[in-house]
Amino acid sequence: MKKIVSAVIAAAVTVSAALPIPSVISAADDIKNIVVLGDSLSSGYGLSESEHNYGEIVGNYYGAKADNFAKSGDETGDLLSKLEAPTDEMSASLKAADCIVISIGGNDIIHYASSYLLNVCANVNVLQEGYTKADIPEDPTFTDILNLVDKEALKTYANDNPIQMNSTVQKLRTHLTEKDNKKYDCVIQKKIIPSIEKINADIKALNPDATIVYQTMYDPLQFDDAYFKAAYKGNSLKVMNLVRPVSEAVTESFRTQLTEADLGGALIADIHNDFTSLDDNGAQYSWYFTKMQEKRDEMDFHPTQAGHVAMAAKVIETIGLKENGGDLIVQTFESLPKKASYPAVAYETYKKVADTTVPEETTTTTPTTTTTTTTTTVPTTTTTTTTEPTTTTTTTTTTTTTTTTTTTTTTTTTTTTTTTTTTTTTTTTTTTTTEPTTTTTVTTTRSYNADHVGRWYSVNYVNNEGQKENYINGVIIFDLRSDGTGIAEINYYGKETQTDEISWYSEGDKARVSLPDDFFLTDLTYSNSELLAKAGGGTFHFAKLSLGDVNTDGAVDAKDASAVLVAYAKASTGKDTDLTDEQKISADINYDGHVDAKDASQILVYYSYLSTGGTKSLIEYFNK
């Protein structure tokens, strides 16, 4: 059998190793009863009668009876309701189970995201003709998005309004992934994880000895590179480039929060890792295990037979291998039409399991009996929407910030002392009403730390896995002035610039910024000469920079232009530019996301202007 695989990259191994996944369980030979719970991933939605869902394959491997109570469309709340009042059949199966395997949480995310996006589409008038908000179902799915939204109108809107569209999807991402933030719904943290922890407790109450296995979610918006380039162009490409990072962030956030949840020793089968099968070239492979490419217009993200083989192999590896396991997994793998291109990481997991199986006619284990209870009905679930109050405050503040630097020198020692003086102004606002006459005096104290004053650029974004990623395709700038006013900008590479007037003040080490509603960042914190801002479960890092001063010598001149050209020459030949994240931002004069000859040219133009006595800053000169 031909096997096309590549080496498993170290990063994937490291992340997978962080999850509680044992390679062997001593009681594997004693597993006689398995229960499968969850949603459409566990029910086998989309498989033909001749195909096998992962529950059947796992049961066959252990020679166990496998009872499947999964139901398509179920949220965590639906599974909780079943566990709180189980049928006699379900109760008996759970009490007798040696192992219980669960996939749940995906529909919570789908229903929330679909409702959010459909309401946005209604607000900007891109629903199909004749449809209004009243037609949006209580628990909508991606299918409802396909049926209710005018796709061409949405693409046009996204092209004409890139800033608003990006803000919309980033808010959705933040609502789903954010933690400990009253401004957002924090769906995974506040709804899904607590429900899963309650599910776990309810199962333990019925059967304290059973091994419980939960599954992470795979990212359905990974595509073959050649397919993606051919299938998505123009406006559809712009929309997909907005939503794909959100899908990745949400599945990663669920993966992390599930691992950190209080599940009393339950195991985590990292399906996300094997479906992604990240290789040395950065390719991702969930598309191989779904019909997202074959049924693009239907957005069918459910696992195919290949997907169920991968899920079964990961669940078996997580529970523990045994000698002389049933070989339904091998038979099913051999029947796959494209097994020669099975992704590498998933193949390694499969191979571990396959090497411990024996053909059915020689196995000494008990034949598998499988009982499957499935349905494709999507239940009705209550969605709670939280509306946050809006408070408008008008404050007049006058502040003076003075920085004094004194240098003292002797013949043997040089000592530099810097003294920062912060002047605090007290503002009094008086409001008078009549009948009866009442005077209310409110005193507000505001201070402005000189360390916070300046022009701050987002130099990178670090997600909750500690990895840098491209959260937005652009740069965020905060210009904090010493009088408490300022400007917030989002410069989308090659697109428009969103600019808003802001106010701010210092509170200890925090720079409290009053951001407009369509910004997706929370409080800025000053630490070690950086401003930090939370978004989407990760952190933006801001540095105080001088645009054009690439070598940070305090001047914008030919040396900086030369540094840019050297970096550009290296990048053109595939080499690293040797520029830091901060230097790359300083060098990108035209905010197009690239450091190239155009930037060097603008630096030289500005340097020439200074040489003739010009006094404007580079930002003023180029009207940035």
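The values are calculated or read from the model by the stated rules, or taken from the named source; none is laboratory data. Quick caveat: nothing in here was measured; it's all calculated off a predicted structure. As a convention, Cβ positions derive from the backbone with ideal geometry for all residues, glycine included, and neighbour counts pool all protein chains shown. For accessibility, only protein heavy atoms count, side chains too; no ligands or nucleic acids. Shrake-Rupley method; radii C 1.70, N 1.55, O 1.52, S 1.80 Å.
Please specify each residue of the range 289-304 satisfying the condition of being in a loop (DSSP other than H, G, I, E, B), of a type in the set (Lys, Arg) and in contact with a helix residue (DSSP H, G or I) (Cβ under 9 Å, 6 or more places away or on another chain). Can you show your working first?
Step one: list which residues in the range 289-304 are in a loop (DSSP other than H, G, I, E, B), which gives 291-295, 299-302, 304.
Adding the requirement that they be of a type in the set (Lys, Arg) leaves 291, 295.
Of everything in the range 289-304, just one residue is in a loop (DSSP other than H, G, I, E, B), of a type in the set (Lys, Arg) and in contact with a helix residue (DSSP H, G or I) (Cβ under 9 Å, 6 or more places away or on another chain), namely Lys291.
Using the structure shown, decide if Val213 is of a type in the set (A, V, I, L, M, F, W, C), more than 15 Å from the chain's Cα centre (by Cα) and either open to solvent by less than 10 Å² (accessible area, probe 1.4 Å) or under 30 Å from Val58 (Cα atoms) (or both).
Details: of a type in the set (A, V, I, L, M, F, W, C): yes; more than 15 Å from the chain's Cα centre (by Cα): yes; either open to solvent by less than 10 Å² (accessible area, probe 1.4 Å) or under 30 Å from Val58 (Cα atoms) (or both): yes.
Criteria met by Val213.
For the structure I just gave you, tell me whether Glu152 is among the charged types (D, E, K, R) and either modelled with pLDDT of 95 or more or in contact with a helix residue (DSSP H, G or I) (Cβ under 6 Å, 6 or more places away or on another chain) (or both). Spell out the reasoning first.
Details: among the charged types (D, E, K, R): yes; either modelled with pLDDT of 95 or more or in contact with a helix residue (DSSP H, G or I) (Cβ under 6 Å, 6 or more places away or on another chain) (or both): no.
No, not satisfied.
In the list Gly548, Gly537, Gly574, which residue meets the criterion of being without any contact (Cβ under 8 Å) to a residue 24 or more places away in the chain and of a type in the set (Gly, Ala, Ser)?
Working: Gly548 fails: without any contact (Cβ under 8 Å) to a residue 24 or more places away in the chain; Gly537 fails: without any contact (Cβ under 8 Å) to a residue 24 or more places away in the chain.
Checking each option against the conditions leaves just Gly574.
Mind checking which pairs have a first residue in the range 309-324 that is of a type in the set (Ser, Thr, Tyr) and a second that is open to solvent by 10 Å² or more (accessible area, probe 1.4 Å), Cβ under 6 Å, 6 or more apart or different chains?
Pairs found: Thr318/Ile21; Thr318/Leu267.
Return the pair list, or none, for Cβ contacts closer than 7 Å from residues in the range 339-360 that are within 17 Å of Thr304 (Cα to Cα) to residues that are open to solvent by 20 Å² or more (accessible area, probe 1.4 Å) and not in a loop (DSSP other than H, G, I, E, B), at least 6 apart or on different chains.
If the second residue must be open to solvent by 20 Å² or more (accessible area, probe 1.4 Å) and not in a loop (DSSP other than H, G, I, E, B), the pairs left are Pro343/Tyr288.
Counting just the residues of the range 461-482 that are assigned to a loop (DSSP other than H, G, I, E, B) and among the hydroxyl-bearing types (Ser, Thr, Tyr), which one comes out farthest from Ala533 (Cα to Cα)? Give the steps one after another, and end with the answer.
Here is the first cut: in the range 461-482, the ones assigned to a loop (DSSP other than H, G, I, E, B) are 463-467, 469-473, 481-482.
Cutting the leftovers down to among the hydroxyl-bearing types (Ser, Thr, Tyr) gives us 471, 482.
Numbers: Tyr471: 13, Ser482: 20 Å.
Here the answer is Ser482.
Specify which of the listed residues (Leu148, Leu117) is open to solvent by 40 Å² or more (accessible area, probe 1.4 Å), touching a Pro at 6+ places or on another chain (Cβ under 9 Å) and under 30 Å from Lys233 (Cβ atoms). If you could, list the steps in order and put the result at the bottom.
Working: Leu148 fails: open to solvent by 40 Å² or more (accessible area, probe 1.4 Å).
Only one candidate passes the filter, namely Leu117.
Could you tell me whether any residue of the range 457-469 is aromatic (Phe, Trp, Tyr) and at pLDDT below 85?
We begin by selecting, within the range 457-469, every residue aromatic (Phe, Trp, Tyr); these are 457, 461.
Add one more test, that the residue is at pLDDT below 85, and what stays is none.
No: the range 457-469 contains no residue that is aromatic (Phe, Trp, Tyr) and at pLDDT below 85.
Looking at the range 602-613, can you tell me whether even one residue there is open to solvent by less than 30 Å² (accessible area, probe 1.4 Å) and in a loop (DSSP other than H, G, I, E, B)?
First, the residues of the range 602-613 that are open to solvent by less than 30 Å² (accessible area, probe 1.4 Å): 603, 606.
Now restrict to residues that are in a loop (DSSP other than H, G, I, E, B): none.
No, the range 602-613 contains no residue that is open to solvent by less than 30 Å² (accessible area, probe 1.4 Å) and in a loop (DSSP other than H, G, I, E, B).
Test Lys534 against the stated conditions and say whether it is within 17 Å of Asn460 (Cβ to Cβ), modelled with pLDDT of 85 or more, within 28 Å of the chain's Cα centre (by Cα) and open to solvent by 70 Å² or more (accessible area, probe 1.4 Å).
So Lys534 does not fit the description; no.
Residues checked against (1) surrounded by fewer than 18 Cβ atoms within 10 Å (Cβ to Cβ); (2) touching a Leu at 6+ places or on another chain (Cβ under 7 Å); (3) assigned to a strand (DSSP E or B); (4) of a type in the set (Phe, Trp, Tyr):
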{"site": "Thr256", "(1), (2), (3), (4)": "no, no, no, no"}
{"site": "Asp262", "(1), (2), (3), (4)": "yes, no, no, no"}
{"site": "His272", "(1), (2), (3), (4)": "no, no, no, no"}
{"site": "Asn281", "(1), (2), (3), (4)": "yes, no, no, no"}
{"site": "Trp287", "(1), (2), (3), (4)": "no, no, no, yes"}
{"site": "Ala310", "(1), (2), (3), (4)": "no, no, no, no"}
{"site": "Val315", "(1), (2), (3), (4)": "no, no, no, no"}
{"site": "Glu323", "(1), (2), (3), (4)": "yes, no, no, no"}
{"site": "Val330", "(1), (2), (3), (4)": "no, no, no, no"}
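Would you please name the residue that is farthest from Tyr232 (Cα to Cα), looking only at residues in the range 151-176 that are surrounded by 17 or more Cβ atoms within 10 Å (Cβ to Cβ) and charged (D, E, K, R)? Give the derivation first.
Of the residues in the range 151-176, the ones surrounded by 17 or more Cβ atoms within 10 Å (Cβ to Cβ) are 154-155, 157-158, 162, 165-176.
Among the residues that remain, those that are also charged (D, E, K, R) are: 155, 171, 173.
Working: Lys155: 12, Lys171: 24, Arg173: 22 Å.
Restricting to residues being surrounded by 17 or more Cβ atoms within 10 Å (Cβ to Cβ) and charged (D, E, K, R), the top hit is Lys171.
Pull out all pairs, ordered by first then second residue, where Cβ-Cβ is under 6 Å, the residues are six or more apart or on different chains, the first lies in the range 443-455 and is outside any loop (DSSP other than H, G, I, E, B), and the second is at pLDDT 85 or above and surrounded by fewer than 19 Cβ atoms within 10 Å (Cβ to Cβ).
Once the first residue is outside any loop (DSSP other than H, G, I, E, B) and sits in the range 443-455, its partners that are at pLDDT 85 or above and surrounded by fewer than 19 Cβ atoms within 10 Å (Cβ to Cβ) give Gly454/Lys544; Arg455/Asp479.
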